[in-house]
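**Student:** So that we are looking at the same thing, I have put the structure below in structure tokens.
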Amino acid sequence: MDQVARLFGPAIFEASKLKVLFLGVDEKNHPGKLPRAYTLTHSDITSKLTLAISQTINNSQLQGWANRIYRDEVVAEWKKVKGYMSLHVHCHISGGHFLLDFCARLRYFIFCKELPVVLKAFVHGDGNLLRNYPELQESLVWVYFHSNVPEFNRVECWGPLVEAAAPAGGGDRWQQGELPQQCQDNCNCCFPLMSLIPWSPKQPHDGTQSQAAPNLETME
């Protein structure tokens with residue numbers, strides 16, 4: 001169970017334990033004007049979090065053997081859909097390793113418990129962006145749980161970022177709403193047109209507040 005219990009440590013955000021890397025992006029630039037993605041990982045050795053803010057997922061941050069086994073990273077991207085910004089967060093619950101499959105229920109519970117800390121790390125690490133564009137605090141947070149177990153292969157709306165990142169966390173997890181869908185044709189109101197997260201497939205759109213997500217073909 002160690003590989004599950006270790007996920008991000010205590011559910012308390014400590015700014016002193018967060019290392020932030022800006023890779024190819026201006027920390028003050030609005031995400032609607034260039035791709036902006038977050039890659040967050042945890043070190044067992046230092047007990048610190050590393051947050052990379054870049055134009056796509058920072059794959060080099062995920063190459064260590066521990067990351068490949070435990071899969072406790074969280075990746076996210078800002079998307080502008082039909083003129084509205086939203087934050088899309090992805091977690092790997094199970095698939096690719098029998099230990100992860102065995103602990104799928106517990107991993108889902110722990111990710112839910114730790115996600116307010118993760119969101120707080122995003123808000124703190126990208127603080128200049130949020131201060132320059134405070135309206136982003138009201139953007140909806142969509143959380144994608146990827147699993148080969150159908151029960152935990154799902155998408156949840158956690159409500160506005162300012163509430164989802166609060167200590168209690170997930171206050172509006174079950175908020176009524178539909179997963180935002182981009183325009184079918186080229187437009188100026190959706191950005192980016194393609195996901196910045198290569199292992200994130202297109203999600204279904206059934207108009208419910210919590211939706212099933214397809215299994216990942218690229219799970220490792």
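The values are calculated or read from the model by the stated rules, or taken from the named source; none is laboratory data. A quick note: this is a predicted structure, and the numbers were derived from the prediction, not measured. Virtual Cβ from ideal backbone geometry, glycine too; neighbours counted across all protein chains shown. All accessible areas refer to the heavy atoms of the entire protein, side chains included, with ligands and DNA or RNA removed. Shrake-Rupley method; radii C 1.70, N 1.55, O 1.52, S 1.80 Å.
**Student:** Just to be sure I understand, how many residues within region 165-184 are modelled with pLDDT of 80 or more and either over 16 Å from the mean Cα position of the chain (by Cα) or closer than 15 Å to Trp78 by Cα (or both)?
**Tutor:** Total satisfying the criteria: 6.
**Student:** Further question on the same structure: I want to confirm something. Restricting to region 90-130 and keeping residues that are touching a strand residue (DSSP E or B) at 6+ places or on another chain (Cβ under 6 Å), part of a helix (DSSP H, G or I) and hydrophobic (A, V, I, L, M, F, W, C), which single residue is modelled with the lowest pLDDT?
**Tutor:** Among them, the one singled out is Phe111.
**Student:** If a residue has to be part of a helix (DSSP H, G or I) and either hydroxyl-bearing (Ser, Thr, Tyr) or at pLDDT 90 or above (or both) to count, how many in region 30-68 make the cut?
**Tutor:** Total satisfying the criteria: 1.
**Student:** Here's another thing I want to ask about it. Which of the residues spanning region 69-89 are among the aromatic types (Phe, Trp, Tyr) and modelled with pLDDT of 90 or more?
**Tutor:** Those that are among the aromatic types (Phe, Trp, Tyr) and modelled with pLDDT of 90 or more: Trp78, Tyr84.
**Student:** Taking the condition of being of a type in the set (A, V, I, L, M) and either assigned to a loop (DSSP other than H, G, I, E, B) or open to solvent by 10 Å² or more (accessible area, probe 1.4 Å) (or both), how many residues in region 131-161 meet it?
**Tutor:** Total satisfying the criteria: 2.
**Student:** In addition: Tally the residues that are out of contact with any strand residue (DSSP E or B) (no Cβ under 7 Å at 6 or more places or on another chain) and under 18 Å from Lys79 (Cβ atoms), restricting the search to region 19-53.
**Tutor:** Matching residues across region 19-53 total 5.
**Student:** With respect to the numbered conditions (1) under 14 Å from the mean Cα position of the chain (by Cα); (2) surrounded by fewer than 14 Cβ atoms within 10 Å (Cβ to Cβ); (3) modelled with pLDDT of 80 or more, which one is the sole condition not fulfilled by Pro198?
**Tutor:** (3)
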